[in-house]
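Trainee: Right, I'll just put the structure down here and ask away after.
The values are calculated or read from the model by the stated rules, or taken from the named source; none is laboratory data. Quantities reported herein were computed from a predicted structural model and do not represent experimental measurements. So basically every Cβ, Gly included, is an ideal-geometry build from the backbone, and we count neighbours across all protein chains shown.
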Amino acid sequence: MEGGERTTLSAPLRAVLDEIPALVLVMRGPDLRVDVANPRREALTSGAEVLGLTAEQMLERALAEGEDRRTYLELLRGVLASGRTEHRLESPVTFAGDTASSFWDLVIIPLRDDPTQAPTGIVLHAIDVTRLVAARRRAEEAEHRFTTLFGASAVGVTISDEQRLLEANDAFLAMVGRTRQELADGLNWTDITAPDSILGDRHALERLLATGGAPPYEKDYLRPNGERVSVLISGMRLGASPLRVLATAFELSDRKAVEREVTSLLARTRRLQEITASLSASSSAAEIARAVLHHALEELTASAGVLVRGEGGDLQVDHAVGFPREQVEQWRAFPATLPAPLRGVSATTQTADPLFPGGTLTAVPLTVADRTFGALGLAFREARELTPGDMDFLLALARQAGAALDRARLYENRAYVARKLQEGLLPERLDPVPGLEAAVVYESISGGGEVGGDFYDLFETGPGRWMVAVGDVCGKGTEAAVVTGLARHTLRAVARTREAPDEVLGFLNGALRRHGALPAFCTVGCAVIEPGHPGFTVRASSGGHPFPLVLRADGRLEEVEVTGTMLGVADDPDLEEVVMHLAPGDALIVYTDGVTDARRHGGERFGEERLLAALREAAGGSAAEIAEGVEAAVRAHHPGVSADDRAIVVLRAETI
């Protein structure tokens, strides 16, 4: 046959090839170009045509990335070169698009046009044996499991018929106190079973004959000396005729010991999980010390406990429970009087307790990053040697306590810095305005170590004229603090030269637009206040801030719509001036959105309606009573740590 000609098959031969449950390829020429392929070629290229492809091209398309294509190509070329048939059994192959390998039995036969000449091609015959390989492996695993089970040293395993034990492993024979010779001589179930367990055996056998298995149940065996052995036994039918039953037996004394150990381990694991949750929710050293001692005393039934922090001679008692009060006061005043194991402890120690004669004092170091900075001490009124489990728990507790206390130290340092920085951004005092009560409630997030962006101010801008301002800078942290300082000090400086509040905000907008490389945005509500005889005239402007509210002396509430664009966003913001009058007894309320956005557990906002209700409730009160009434309502809605600053400024015209 010429190299360029395609093999033509007769219809009967084509029909046979199409029905063969194997992959058959005929490849010809020095590059082994596919000449004939039956329908199983779809396994190679997901249905794509392979006729005309060289062996190398076909393998490239058929096999997944990473497969050893070169090995298979050399195998095919080797048959063409040697003229010898090759067999490969259970060859693993991963086809393109598959995630798992399949297994094939391969036969590669040289193809000769003339028996006396060298091969001109090859025939590849491949059968998918993946299922056979999987079945064989499952059988091997099952055999391995059975062999392992029967040879187990802790589980009794037997094979029996309806009356006699036919085979048993050493663990079962030891369990019932019998020898292998006794088993060979013949052992009946009834001979080694306690009389009151025979009925249970019969019920289990009936269940096994009907369903093929008997669920676990408890029974007692009798040893030759009459001793009873409680076991948990279950069975399954291996064969019906003759009946063969495989049974497994666990001695309950071992199981109960394991159950007690597991129960204890689970209880201590739950305790450590509770401690983790408790310490995670605690942000101060005092809270952490109380939680640690509570769990330590309760879990180990200690009589007293103390947690000491510090290094060298600089020690302090964070918390103590169960010791005489005068003793604890002495330790706090004179740390050198602490028991020696609590001063400079570097490893867990158990010594005689100097406070409880005959008792034991256990001290565990508190460490973090290989640095010891304190100790946890537990006192027992009676001599007590901790078990390995007790010691593991105590060491785990000490590790958690050390990490939590170190975290609390960092948290407190950060909160102190944030608090001082926040205090520097707020006015030391509000300038007094004759005839006007002023009150402020300010809740900062600086206690959580963050610097917020809310600010307020009330200052004199000229003879008989004052400005009140409340703002909220976008963001938190150092950048927000910088913008807060810029905004407040710019307002103070500009308000002395520009009387219109919208002009003041316009100047501040320009300053924010020129601020640094990072965007600086904030909302500000401000108002110029002047005596109005009686009361006060208020000229208000807003840069995207919540509308101010007016609580009239008769209890009516008015929301003053003062529109405007958030400052720092546009070069030419839309700003307006709105004039209102505060009669004697009227109050102006300006606040930040931290009030209305306060959320209780579940995400529900405090909202505008609750704010209005709180103000109605406070109607008729002083400026301070109104501000505190709103704050009390917010705290009732959201009693936890605030996620945002909030400021409430109340200005109330005094009654004549």
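Trainee: Just one of ARG237, ARG178, ARG255, ARG260 is part of a loop (DSSP other than H, G, I, E, B) and either modelled with pLDDT of 90 or more or within 46 Å of the chain's Cα centre (by Cα) (or both); which is it?
Mentor: Values: ARG237 fails: part of a loop (DSSP other than H, G, I, E, B); ARG255 fails: part of a loop (DSSP other than H, G, I, E, B); ARG260 fails: part of a loop (DSSP other than H, G, I, E, B).
Selected residue: ARG178, the only one of ARG237, ARG178, ARG255, ARG260 that is part of a loop (DSSP other than H, G, I, E, B) and either modelled with pLDDT of 90 or more or within 46 Å of the chain's Cα centre (by Cα) (or both).
Trainee: Hey, among LEU199, LEU187, which residue is surrounded by 14 or more Cβ atoms within 10 Å (Cβ to Cβ), free of Cβ contacts under 8 Å to residues at least 24 places away in the same chain, within 18 Å of GLU162 (Cα to Cα) and hydrophobic (A, V, I, L, M, F, W, C)?
Mentor: On the way: LEU199 fails: surrounded by 14 or more Cβ atoms within 10 Å (Cβ to Cβ).
Sole residue among the options that is surrounded by 14 or more Cβ atoms within 10 Å (Cβ to Cβ), free of Cβ contacts under 8 Å to residues at least 24 places away in the same chain, within 18 Å of GLU162 (Cα to Cα) and hydrophobic (A, V, I, L, M, F, W, C): LEU187.
Trainee: Would you mind finding the one in ALA627, ALA636, ALA613, ALA632 that is of a type in the set (Gly, Ala, Ser) and crowded, with 18+ Cβ neighbours inside 10 Å? Steps first, please.
Mentor: On the way: ALA636 fails: crowded, with 18+ Cβ neighbours inside 10 Å; ALA613 fails: crowded, with 18+ Cβ neighbours inside 10 Å; ALA632 fails: crowded, with 18+ Cβ neighbours inside 10 Å.
Criteria check complete, one pass: ALA627.
Trainee: Do you know which residues across segment 295-317 are in a loop (DSSP other than H, G, I, E, B) and either within 14 Å of GLY359 (Cβ to Cβ) or in contact with a strand residue (DSSP E or B) (Cβ under 9 Å, 6 or more places away or on another chain) (or both)? Step through it out loud before you land on a result.
Mentor: Of the residues in segment 295-317, the ones in a loop (DSSP other than H, G, I, E, B) are 301-303, 312-313.
Within segment 295-317, THR301, ALA302, SER303 meet the criteria.
Trainee: In addition: Looking only at residues that are in contact with a Pro (Cβ under 6 Å, 6 or more places away or on another chain) and part of a loop (DSSP other than H, G, I, E, B) in segment 496-535, which one is surrounded by the most Cβ atoms within 10 Å (Cβ to Cβ)?
Mentor: Top of the filtered list is GLY535.
Trainee: Select from segment 584-634 the residues that are under 39 Å from the mean Cα position of the chain (by Cα) and in a loop (DSSP other than H, G, I, E, B) and list them in ascending order.
Mentor: Answer for segment 584-634, where residues must be under 39 Å from the mean Cα position of the chain (by Cα) and in a loop (DSSP other than H, G, I, E, B): THR592, ASP597, ALA598, ARG600, HIS601, GLY602, GLY603, GLU604, PHE606.
Trainee: Could you give every pair whose Cβ atoms fall below 9 Å, whose first residue belongs to segment 607-621 and is in contact (Cβ under 8 Å) with a residue 12 or more places away in the chain and at positive phi, and whose second residue is exposed (fewer than 15 other Cβ atoms within 10 Å of the Cβ) and in a loop (DSSP other than H, G, I, E, B), counting only separations of at least 6 or pairs across chains?
Mentor: That search, which allows pairs on different chains as well, returns GLY620/GLY555.
Trainee: Return the pair list, or none, for Cβ contacts closer than 8 Å from residues in segment 508-537 that are within 17 Å of ALA493 (Cα to Cα) and not assigned by TED's automatic domain parsing to the domain that holds VAL562 to residues that are among the aliphatic types (A, V, I, L, M) and in a loop (DSSP other than H, G, I, E, B), at least 6 apart or on different chains.
Mentor: Pairs found: none.
Trainee: State all residues of segment 202-224 that are assigned to a strand (DSSP E or B) and surrounded by 15 or more Cβ atoms within 10 Å (Cβ to Cβ); if no residue qualifies, say none. Break it down stepwise before answering.
Mentor: The initial filter retains those residues of segment 202-224 that are assigned to a strand (DSSP E or B), namely 213-222.
Matches in segment 202-224: ALA214, TYR217, LYS219, ASP220, TYR221, LEU222.
Trainee: Go through segment 79-133 and give me each residue that's farther than 19 Å from ALA55 by Cα, surrounded by 15 or more Cβ atoms within 10 Å (Cβ to Cβ) and of a type in the set (A, V, I, L, M, F, W, C).
Mentor: PHE103, VAL129, VAL133, listed by residue number.
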